[in-house]
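Here is the structure we will look at.
The values are calculated or read from the model by the stated rules, or taken from the named source; none is laboratory data. For clarity, every value in this text was computed on a predicted model and none was experimentally measured. Every residue, glycine among them, receives a Cβ derived from its backbone with ideal geometry; neighbour counts consider all protein chains shown. Heads up: the accessible areas ignore ligands, DNA and RNA and are worked out on the full protein's heavy atoms, side chains in. Shrake-Rupley method; radii C 1.70, N 1.55, O 1.52, S 1.80 Å.
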Amino acid sequence: MRPLILAALVAALCSGRAGADPSSWYITTGISPGWSDGKGHGFAHDVIREFQIQSGESVQLETFPLRRAIGLYLRKGTECLMGGDAPAMDAFRPMEGIYSLPFRRSGIVIYSLAGTPPVHSVEEARQLRLGLEAGFDFHRILDLLPGLSHEAAPAENQINKMLAGRIDAYVGLFPPSSDYGAQLSFDPNFMLMTWNDTLHCRAGEANEILVESFNKFVMSYQKSGALRRTFGKHFMPNAWVDPSTKKDN
């Protein structure tokens, strides 16, 4: 399963900060097209690098599997989660703590091939042969689309299936990566689920300081337009949604 956009921030008493420097943080994040390639490239890496520059925090970003990140957090093995916490999904649950300002809008949509009409409703989707992108817990989607294939596969595989005429469309993660997004058609006003990506930490003075610092960065980064430009490097620019104006559903 391709990890959804999720990170576990390991700090202080749990996995420790680097050395004795209280401003040094280890952040781990999932591998996902556009978000992180697992080799230091992607939206998450660019955002954290810029946060480090602007805030002066010492930060190290490492990739981490989604389910392990969730498990560590629930077992109190980590202090914070970054990105894709998706409280509306079965794999997650609303958690008490400190939430940062949102820095990206994510969701689950139905993609068809570019040049073909996008899917506008659940009723329309139920008439199609649908594939499923790997990378998220899809059980709640089955309530909406009971005929959905359970054979999850990466987005590139689903695109190849559409090109071969084996499926009509597929349920996938939003936003689409710039690596393949130009091949896809979707209705931005029709999403099966949506959520804001945030930095979420357990209550505590040290975590409050970290989130406050991250909030200042997000406000500055978004106001300057740099956040949207960074998004456009890794995802389809037309998929940008201002996260500050939207609520989860």
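A few comments on the model shown:
- Gly107 falls short on exactly one of the conditions (1) within 30 Å of Ala203 (Cβ to Cβ); (2) modelled with pLDDT of 90 or more; (3) crowded, with 21+ Cβ neighbours inside 10 Å, and that condition is (2).
- Residue within the range 107-119 that is farther than 21 Å from Val47 by Cα, part of a strand (DSSP E or B) and without any contact (Cβ under 8 Å) to a residue 60 or more places away in the chain present: no
- For Glu208: the one exception among (1) touching a Leu at 6+ places or on another chain (Cβ under 8 Å); (2) surrounded by fewer than 18 Cβ atoms within 10 Å (Cβ to Cβ); (3) among the acidic types (Asp, Glu): (1)
- Hits in the range 111-123 - residues which are open to solvent by 70 Å² or more (accessible area, probe 1.4 Å) and either under 19 Å from Pro175 (Cβ atoms) or charged (D, E, K, R) (or both): His120, Glu123
- Elements of the type helices (runs of 4 or more DSSP H) sitting completely within the range 141-249 and holding at least 3 residues that are in contact (Cβ under 8 Å) with a residue 60 or more places away in the chain, over 18 Å from Ser121 (Cα atoms) and of a type outside the set (Asp, Glu): these cover 205-223, 226-234.
- Those residues of the range 205-232 which are of a type in the set (Lys, Arg) and within 30 Å of Asp179 (Cβ to Cβ), in sequence order: Lys223, Arg228, Arg229
- Taken together, the residues in the range 51-63 that are open to solvent by less than 30 Å² (accessible area, probe 1.4 Å) and touching a residue at least 60 places away in the same chain (Cβ under 8 Å) amount to 2.
- Residue within the range 38-50 that is surrounded by fewer than 17 Cβ atoms within 10 Å (Cβ to Cβ), at negative phi, modelled with pLDDT of 90 or more and assigned to a helix (DSSP H, G or I) present: yes
- Whichever residue in the range 181-197 is in contact with an Asp or Glu (Cβ under 9 Å, 6 or more places away or on another chain) and not hydrophobic (A, V, I, L, M, F, W, C) and, among such residues, is surrounded by the fewest Cβ atoms within 10 Å (Cβ to Cβ): Thr194
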